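Report on the structure given below.
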Amino acid sequence: RTSDGADESFCDSVDFSVLDSLDLSMVPTVEETPWMLVDSVDKLKLCVDELLYGVSNGGDDSARSLKIPKIHELAFDLEMHNILDGNSRYENKTGIRTCLIQITSDVATKGVYKDYIIDPLAPGLWDAIPTYLGPLFSNPNIVKIGHGIGGMDTSSLHRDFGILIVNAFDTYEASTILSSKKSGMGLAPLCRHYGLPSWEHYKELKQKYQCSDWKQRPLEDAALEYGRYDIRFLVTLRKLLMRDLAKLDMIGGGYLRLGSSPEDDSGIDSLSTQTSKGGTPVLHSFDSQLGSTISSTVSSFSENEFNNTATANNSFDQFKDAKE
């Protein structure tokens with residue numbers, strides 16, 4: 001543990017028994033999760049306080065009084081706009097400006113989480129963001145979770161606010177490692193693969209609002225809803241991706257696949273399977289170096305699986321979709 005009471009090892013523990021039995025239909029949806037539009041410095045201060053310690057409810061507030069953060073994971077996303085004119089998006093990269101920051105954490109108050117949409121264009125917010133959000137993003141004891149953050153999210157936070165991200169988990173890059181085609185999956189298809197609730201609605205919102213004019217004010221309610229979907233399931237997805245990365249590594253694939261030849265890499269998808277009593281394929285692999293037999297539950301991608309309410313047993317076999 002660190003001097004401030006944070007547990008440094010939390011993110012290294014993967015309990016397969018818990019994750020394999022997780023009922024993903026119970027994961028809170030956007031509609032079930034309270035949220036706050038942060039459009040003033042006072043609200044930004046409250047946002048950071050609640051991210052760290054949870055929503056104050058007049059009950060046991062010992063963590064807040066002792067200044068011991070409860071937060072372990074911070075999910076985030078950005079919406080941007082090109083403020084320069086011209087036909088080439090690549091020529092105008094320096095003109096990209098952050099218009100919205102969506103953020104949430106793994107801290108719940110009485111089982112209820114809360115999302116935040118920060119409006120950097122609101123009076124006083126642009127200059128206050130480095131002071132209040134900077135320490136969160138640079139804290140190595142907090143895992144920052146995003147999807148495809150190597151594109152513009154990390155560079156925009158640094159360019160616009162001088163914020164550096166320390167200790168990050170990219171769900172898109174994780175899906176790339178797990179893919180037999182070495183290509184990642186868009187966030188909506190990733191939610192679909194794991195059977196997370198309301199992924200169909202999220203996909204519809206993405207198709208309509210992903211390329212919105214994010215500098216306009218006020219923003220449509222549906223556009224803000226889309227922004228919340230971009231972060232709502234990231235904490236859960238990280239846990240599931242960590243589980244499947246660990247399983248893939250255990251059966252002799254995992255991270256080693258990135259540097260392997262096509263011939264060496266083909267084995268992970270061609271290993272024979274047998275069906276368990278429950279009808280779920282169980283994959284067996286012998287690791288000669290460890291001298292042990294490892295069994296890992298996997299399931300293939302099927303359209304029926306995508307359309308059913310699923311549990312976390314939907315381990316990776318292959319990814320079909322590229323990042324949107």
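Worth pointing out:
- Test for Val143: is it within 16 Å of Leu164 (Cβ to Cβ) and in contact with a Phe, Trp or Tyr (Cβ under 8 Å, 6 or more places away or on another chain): yes
- Scanning the stretch 173-189 for residues that are surrounded by 21 or more Cβ atoms within 10 Å (Cβ to Cβ) and under 15 Å from Gly150 (Cα atoms) yields Ala174, Ser175, Gly184, Met185, Leu187.
- Leading residue by the ranking (farthest from His81 (Cα to Cα)) among those in the stretch 190-229 that are open to solvent by 10 Å² or more (accessible area, probe 1.4 Å), in a helix (DSSP H, G or I) and in contact (Cβ under 8 Å) with a residue 60 or more places away in the chain: Arg192
- Candidates Ile101, Ile142 - the one that is within 14 Å of the chain's Cα centre (by Cα), surrounded by 14 or more Cβ atoms within 10 Å (Cβ to Cβ) and at pLDDT 95 or above: Ile142
- Checking each residue in the stretch 189-221 for being within 16 Å of Thr29 (Cα to Cα) and hydroxyl-bearing (Ser, Thr, Tyr) picks out Tyr194, Ser198, Tyr202.
- Among residues of the stretch 74-98, those that are open to solvent by less than 10 Å² (accessible area, probe 1.4 Å) and either at pLDDT below 80 or farther than 20 Å from Phe161 by Cβ (or both), counted: 1
- All positions within the stretch 1-21 that are at pLDDT 80 or above and not small (Gly, Ala, Ser): Asp15, Phe16, Val18, Leu19, Asp20
- Within the stretch 131-189, tally of residues that are in a helix (DSSP H, G or I) and touching a Pro at 6+ places or on another chain (Cβ under 8 Å): 2
- The stretch 23-47, residues that are open to solvent by 50 Å² or more (accessible area, probe 1.4 Å) and among the aliphatic types (A, V, I, L, M): Met26, Leu37, Leu46
The values are calculated or read from the model by the stated rules, or taken from the named source; none is laboratory data. Keep in mind that what you see is a predicted model, and the values were worked out from it rather than measured. Virtual Cβ from ideal backbone geometry, glycine too; neighbours counted across all protein chains shown. Protein only, heavy atoms only, side chains kept; ligands, DNA and RNA dropped before computing areas. Shrake-Rupley method; radii C 1.70, N 1.55, O 1.52, S 1.80 Å.
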